[in-house]
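Encoded as structure tokens, the structure appears first; notes follow it.
Just so you know, all these numbers are worked out from the coordinates, no wet-lab data involved. Predicted model, so just to flag it, every value in this text is computed and none were measured. A quick note on method: Cβ atoms are made from the backbone with ideal geometry, for glycine too, and the neighbour counts reach across all protein chains shown.
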Amino acid sequence: MHDPAPILFAGDPHRNFNPILRACLALPPGTLILVGDCDCSAPLAQLLEPAVERGWDLRWILGNHDTETEAAYDNLTTHPGDLGLRVTDIDGLRVGGLPGVFKPRVWQPDAPPGYPTRATFQAALRPDEAWRGGLPLFHRDTIFPEDFERLAALGCDILVSHEAPSSHPNGFAAIDALAEACGATLIVHGHHHQSYQAVLPNAIRVRGLGLAEPWLLDRQTR
């Protein structure tokens, strides 16, 4: 029986992919999962070309800095490895992605949502607010209540999010609850650039990642 291929998570690169590349090149090829805020200055596959050439499969979710400019958005989203709002089987593990951040205009989990769905929000926009016929660029990374419903219905083993659960001082208990509803045993998140491990009150493990921090999943302890 062959050993499973590595699953490597990476904290917010913010254009610094060097630590991530070094980690990829030190391992057999597997799956690299970026937890947001790539802020790509060029297409993602170009920035990680040595890893791609070695056989690494690139997966990603949006962070808030990935929607600050059209270039950053396009350089990331033109790569086909989007994990956001779906569950993907990666070497026998179901990995779900919750991209983006909470924004008060739409939803802060400690208050009723202003808009439960993208459709209701888009219907309320002024014509000049639309971007490319849809949501404004600024809201392409916004979390909506419908995202929680979708992921909870799909279920996953690992929840990858940009926002943090309650284990971080600036995190949200709503993400704890989402992971539990998904059946996840592990949350991996970025956004706050802090490297730490924790266990939530609902017994779900958390791994927060620092800036461009690579972290290799231990299949035995996940």
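A few notes on this one:
- The residues packed around His168, meaning those with a beta-carbon under 13 Å from its beta-carbon, carry a net charge of -1 if Lys and Arg are +1 and Asp and Glu are -1.
- Each residue, Asn16 and Leu216, gets one label point 7 Å from its Cα in the Cβ direction; the gap between the two is 2.2 nm.
- When only Cα pairs below 8 angstrom with a gap of at least 6 residues are kept, the chain shows a relative contact order of 22 percent.
- 3J(HN,Hα) along region 128-145, derived from phi through the Karplus expression 6.51 cos²θ - 1.76 cosθ + 1.60 where θ = phi - 60°, amounts to 6, 8, 5, 10, 6, x, x, 4, x, 3, 4, 9, 5, 10, 7, 7, 10, x Hz, with x in place of Gly and Pro.
- At full extension, Ala181 and Leu27 could sit 52.1 nm farther apart than now, given 0.36 nm per residue minus the alpha carbon distance.
- With both residues required to sit in region 7-216, DSSP beta bridges show an antiparallel share near 35%.
- Scaled to the globular estimate 2.2 N^0.38 Å, the Cα spread of the chain, given as radius of gyration, is 0.98.
- Rounded to the nearest 20 debye, the dipole size of the chain about its Cα centre is 180 debye, using +1 on the Cβ of Lys and Arg and -1 on the Cβ of Asp and Glu.
- Over every Cα atom in region 110-222, the radius of gyration and the widest Cα-Cα span, Dmax, amount to 16.0, 52 Å.
- By average C-beta atoms within 10 angstrom, highest first, the peptides 5-15, 148-158: 5-15, 148-158
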